[in-house]
Amino acid sequence: MSVAFRRESDEEHKEPKFELPLPPGPNLVTARGLALIEAKAAALEAAVSAERDDEAREALKRELRYWNTRRTTAQVAPAPEQGVAGIGSRVRIRLNGKERAIDLVGHDEADPAADRLSFQAPLAQALIGAEEGERVDFGGRAQAIEIVGIETIPD
């Protein structure tokens, strides 16, 4: 019989499962971000123990490996100087005549829809190191953002 018609198993035809990609650079987090990572890893450990389906358990283990790596490599960012934007700061800005507050956080804690930006995001990069009253360049425009206020993110 031709090899083309022989079926060894379904396993050899499945797509390979790669590890979840890790963001480049250091894993800087806020204290809240570290707590979120630890809670996610604990929840996944419990889910792996409870899962009976092999395929679903493997998917959970894959996700757990990601979160364990994030927990192991997490470094709580030092508190920024008073009045200087950094990881753990809430920065009130005025951009295009509109005022908004941006929280500068670690990658796993980021939620752009809730104005929680990873310190690696372009807008966050423009804000880090800025001081209240300063104007910073953004999007190819000089002095596009006015820093209205800076405070520590409340826990």
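The values are calculated or read from the model by the stated rules, or taken from the named source; none is laboratory data. Remember, it's a predicted structure, so these values are computed and weren't measured experimentally. With ideal geometry, Cβ positions are generated from the backbone for all residues, glycine too; neighbour counts draw on all protein chains shown. Protein only, heavy atoms only, side chains kept; ligands, DNA and RNA dropped before computing areas. Shrake-Rupley method; radii C 1.70, N 1.55, O 1.52, S 1.80 Å.
Just a few scattered comments:
- Karplus-derived 3J(HN,Hα), 6.51/-1.76/1.60, for each residue of the range 27-32, Hz, glycine and proline x: 9, 7, 9, 8, 4, 5
- Once the C-beta distance of ALA113 and ALA35 is scaled by a Förster radius of 25 Å, the resulting FRET efficiency is 0.75 to the nearest 0.05.
- Between the range 9-80 and the range 109-126, the alpha-carbon center distance in angstrom: 21 Å
- Radius ratio Rg over Rh of the chain, counting only Cα atoms, Kirkwood formula for Rh: 1.19
- Over the chain, relative contact order from alpha-carbon pairs under 8 Å, at least 6 apart, %: 21 percent
- About the Cα centre, charge dipole magnitude for the range 98-144 (Lys/Arg +1, Asp/Glu -1 at Cβ), debye: 260 debye
- Nonlocal amide H pairs with ARG92, under 5 Å, H built at 1.01 Å: ILE102, VAL148, GLY149, ILE150, GLU151
- A simple rule links phi to the HN-Hα coupling: the Karplus curve 6.51 cos²θ - 1.76 cosθ + 1.60 with θ = phi - 60°, which for the range 55-62 gives 5, 5, 5, 5, 5, 5, 5, 4 Hz, with x for Gly and Pro.
- For the chain, lysine pairs with C-alpha atoms less than 28 angstrom apart, excluding pairs fewer than eight positions apart on the same chain, total 4.
- Shown in residue order for the range 70-79 are the 3J(HN,Hα) couplings computed by the Karplus curve 6.51 cos²θ - 1.76 cosθ + 1.60 at θ = phi - 60°: 4, 5, 5, 8, 5, 10, 5, 5, x, 5 Hz (x for Gly and Pro).
- The relative contact order of the range 93-141 comes to 22 percent, based on Cα pairs under 8 Å that sit 6 or more residues apart.
- Dimensions in Å of the range 87-155 - Rg and Dmax from alpha carbons: 11.1, 34
- Here the chain exposes an accessible surface that is 52 percent carbon and sulfur, computed with a 1.4 Å probe and the other protein chains kept in place.
- Averaged per residue, the chain has 64 square angstrom of accessible surface, using a 1.4 angstrom probe with ligands and nucleic acids left out.
- Distant-in-sequence amide H partners of VAL76 (H built 1.01 Å from N, under 5 Å): VAL29
- Fraction of antiparallel bridges per DSSP, the range 8-121 only, in percent to nearest 5: 60 percent
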